[in-house]
């Protein structure tokens, strides 16, 4: 049996034991737990201490129970406790909580571990969360039609993470304590308050009326019972010892937080104007509060002010992000700069020079391709890319510069993304956005929704939600619309082929010559000339951003598309041919201010406007795919392994010419390849493994303690996919003939 089967079998045993134990059932009913659906829904049981009899000398099962902590030193951990299984999102048992039903018991709650959250399946769709200290209190609240309830156990951080991940905005504590959790939640702008539960009323026959009155009651001493309230011009903070009204300009970032603060209770008021970022101002204010209100806890007052600062900073960040999302109106001067750039007949060369000035030298094709992919976000069917190279080659720098050239309101950059995160963007938050994921390893869980967003240009998720009017649970669909253009970077050669064949595969130049040029640029940056050149970078960025904002969503057609050719030897080229055609359209789209705007009457009431691709657009696309880009995209062999194969062939050809031995007869070791290529041990080892799997290398001798020996097989292939694509000169001839 696996762990899950053992836990399931144990829960079933406990359920059976509880049904047979009338004494425990009587205690639970006396404490108010009377509804059968509570026992069935949460699978309550009772651990009678007979687990050792079930194991009955089975050594493997005994060891597994010890590992799961069902047993501790040969004794049942939860013996004598009411058992409550804790489930994860997939309804798998991750923990078991034990509750003692006997009032005189010293240990009331015990858990196998700190994992899981009770009632998680319902809580993740709730707007308000009620926290109890006792499992019995949580079950009684659920029994009385308050299902958004859980009891606390284990570390606070898992609750903070869960509440933030599911955007739960209001928290109610039904007990004193957990001050750290209370502080962290309020610091993050989550509304919190405390209420006191009366155990007798909660378990009595009038429990529903009591709870309705308790949860709807307002604190009459202060205007509103929530800890934090946003008001016009500022915030109200209600803490147990003091309340604060903080007013100020909290819209934009600045080097100060100047605010009018009024601290008050039911009887006393103290008002002052301070800069919350100045320690001297805060200390003087705290001393005044201590004197006015007779408070002696200086540390608590300091925490109050730090919490106020954290909420204001979060508010400023939110406003700043909202401001970035609004597309600003360009001035006439800015339009002139953008148009001058877009109308440049040598636009591609100017883009290349801009990348160079921003710090990325050579690699013309990679720069232009990534710029076009970023630009394609504005079209109905954008392009996507994966940049693959060894660590430190410069792929991250190339992506970062492209991000800077994209308008901030059209950029969504992420270093890590969970499997469900994409579904919780706003409906149009990602529409026509350039989405960048810093390292593909950070998006492993989100591969499927990313793929759907690329292919179908929207994703939909069905979730259960409680109707606020009827109280019924209903299924609601949330949709996030595309299209997006995507750029990812990775050092791994093991990439899901379903994602890979939807993207252009770009590899970075890792040659020694490129390294020397990068070194020269790095040295130049430390000179006066380099410093003065950096001061001009803002103009380059602004020029590109202005130009991107001027691009219009115009229809683009290719009048010579039917005359084109593309490799057809592999099934995957059905998608790659589509990418090639879209690339030509994106080039035309970027040059829209250099193309004649045409109109065609579709019907009496409809006229469409469009631009057409030219042979020059095709020439640019053809050049971009030459020298390896198309090979990397169409080749099944990862780019780094293909590169190493070419270096091995070059090395063996040299030995063949020198020793007059056929290439496929030469025996060699990995050490020789490391020395001639300067690749690291790990890189050579990993790519040798790939080349062996693809049957380009043959392992002919394995010596224990000595180096393995290899030889090149005779079935390797030289790639030249570009020869099967129509050359620009041939296309121009066909157009002229037609």
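The values are calculated or read from the model by the stated rules, or taken from the named source; none is laboratory data. Every value quoted in this text rests on a predicted model; they were computed, and no experiment measured them. So basically every Cβ, Gly included, is an ideal-geometry build from the backbone, and we count neighbours across all protein chains shown.
Per-structure values
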| read-out | value |
| --- | --- |
| Subset of the stretch 526-560 (residues that are under 36 Å from the mean Cα position of the chain (by Cα), surrounded by 13 or more Cβ atoms within 10 Å (Cβ to Cβ) and in a loop (DSSP other than H, G, I, E, B)) | 551, 554 |
| Verdict on residue 125 being under 30 Å from residue 169 (Cβ atoms), surrounded by fewer than 18 Cβ atoms within 10 Å (Cβ to Cβ) and within 38 Å of the chain's Cα centre (by Cα) | yes |
| Residue match in the stretch 594-611 (condition: touching a helix residue (DSSP H, G or I) at 6+ places or on another chain (Cβ under 7 Å), closer than 27 Å to residue 346 by Cβ and surrounded by 16 or more Cβ atoms within 10 Å (Cβ to Cβ)) | yes |
| Breaking point among (1) exposed (fewer than 14 other Cβ atoms within 10 Å of the Cβ); (2) on the phi < 0 side of the Ramachandran plot; (3) out of contact with any helix residue (DSSP H, G or I) (no Cβ under 9 Å at 6 or more places or on another chain), for residue 294 | (2) |
| Number of positions in the stretch 570-583 that are over 22 Å from residue 369 (Cβ atoms) and touching a residue at least 40 places away in the same chain (Cβ under 8 Å) | 0 |
| Subset tally (residues that are in a loop (DSSP other than H, G, I, E, B) and over 22 Å from residue 80 (Cα atoms)) for the stretch 117-129 | 6 |
| Subset tally (residues that are in a loop (DSSP other than H, G, I, E, B) and closer than 15 Å to residue 16 by Cα) for the stretch 32-52 | 7 |
| Filter pass, residue 141 being modelled with pLDDT of 90 or more, part of a helix (DSSP H, G or I) and either outside the structural domain of residue 70 (by TED's automatic domain parsing) or in contact with a helix residue (DSSP H, G or I) (Cβ under 7 Å, 6 or more places away or on another chain) (or both) | yes |
| Matching residues in the stretch 653-671 - criterion: being assigned to a helix (DSSP H, G or I) and either modelled with pLDDT under 75 or over 45 Å from the mean Cα position of the chain (by Cα) (or both) | 653, 654, 655, 656, 657, 658, 659, 663, 664, 665 |
| Selected residue (criterion: modelled with the lowest pLDDT) from residues of the stretch 708-738 that are in contact with a helix residue (DSSP H, G or I) (Cβ under 6 Å, 6 or more places away or on another chain) and assigned to a loop (DSSP other than H, G, I, E, B) | 719 |
| Residue match in the stretch 82-101 (condition: modelled with pLDDT of 90 or more, in a helix (DSSP H, G or I) and within 34 Å of the chain's Cα centre (by Cα)) | no |
| Verdict on residue 499 being crowded, with 17+ Cβ neighbours inside 10 Å, modelled with pLDDT under 80 and farther than 30 Å from residue 343 by Cα | yes |
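Yes/no matrix, rows are residues, columns are (1) farther than 24 Å from residue 579 by Cα; (2) surrounded by fewer than 19 Cβ atoms within 10 Å (Cβ to Cβ); (3) assigned by TED's automatic domain parsing to the domain that holds residue 477:
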| position | (1), (2), (3) |
| --- | --- |
| 356 | yes, yes, yes |
| 370 | no, no, yes |
| 376 | no, no, yes |
| 402 | no, no, yes |
| 405 | no, no, yes |
| 414 | yes, yes, yes |
| 419 | yes, yes, yes |
| 451 | no, yes, yes |
